[in-house]
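Quick notes on the structure that follows.
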Amino acid sequence: MNQAVGNEQRLQLAVSMAGMGLVEIDYQSDSLVADERAAELFELPAGVSLPRQDLHAKFQPEDCENIQCH
């Protein structure tokens with residue numbers, strides 16, 4: 001097993017054990033894809049390319065002050 005594959009497996013295990021999800025963001029296309037758990041947490045469809053704004057709309061306005069919501 002190469003190191004990149006091992007790192008990916010460890011990351012997936014840690015995320016799963018923590019009850020977290022992952023969102024892959026493509027800044028060039030301004031889109032994202034949420035895994036099953038992230039989709040559940042943010043009430044988004046899983047495995048579907050969506051505009052980043054769909055996720056940002058789920059954040060509280062005061063939280064947007066600390067992250068790039070726009």
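The values are calculated or read from the model by the stated rules, or taken from the named source; none is laboratory data. Here the structure is a predicted model, which is why all the values come from computation and not from measurement. With ideal geometry, Cβ positions are generated from the backbone for all residues, glycine too; neighbour counts draw on all protein chains shown. Remember, those area values only see protein heavy atoms, side chains included, never the ligands or the DNA or RNA. Shrake-Rupley method; radii C 1.70, N 1.55, O 1.52, S 1.80 Å.
Quick look at the values:
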quantity: Complete set of residues in segment 9-45 that are part of a helix (DSSP H, G or I), more than 22 Å from CYS69 (Cβ to Cβ) and open to solvent by less than 70 Å² (accessible area, probe 1.4 Å); calculated: ALA14, VAL15, ALA18
quantity: Residues of segment 1-56 satisfying the condition of being acidic (Asp, Glu) and touching a helix residue (DSSP H, G or I) at 6+ places or on another chain (Cβ under 6 Å); calculated: ASP30
quantity: Checklist (1) in a helix (DSSP H, G or I); (2) open to solvent by less than 70 Å² (accessible area, probe 1.4 Å); (3) in contact with a Leu (Cβ under 9 Å, 6 or more places away or on another chain) applied to GLY6, failing item; calculated: (3)
quantity: Residues of segment 1-27 that turn out to be over 14 Å from the mean Cα position of the chain (by Cα) and within 24 Å of GLU43 (Cβ to Cβ), as a count; calculated: 3
quantity: Segment 43-54 residues that are among the small types (Gly, Ala, Ser) and modelled with pLDDT of 95 or more, paired with ones that are assigned to a loop (DSSP other than H, G, I, E, B) and surrounded by 12 or more Cβ atoms within 10 Å (Cβ to Cβ) (beta carbon under 9 Å, 6 or more apart); calculated: ALA46/GLY21; ALA46/ASP35; GLY47/ASP35
quantity: Residues satisfying the stated conditions in segment 53-68, i.e. over 10 Å from the mean Cα position of the chain (by Cα) and surrounded by 15 or more Cβ atoms within 10 Å (Cβ to Cβ); calculated: ASP54, HIS56
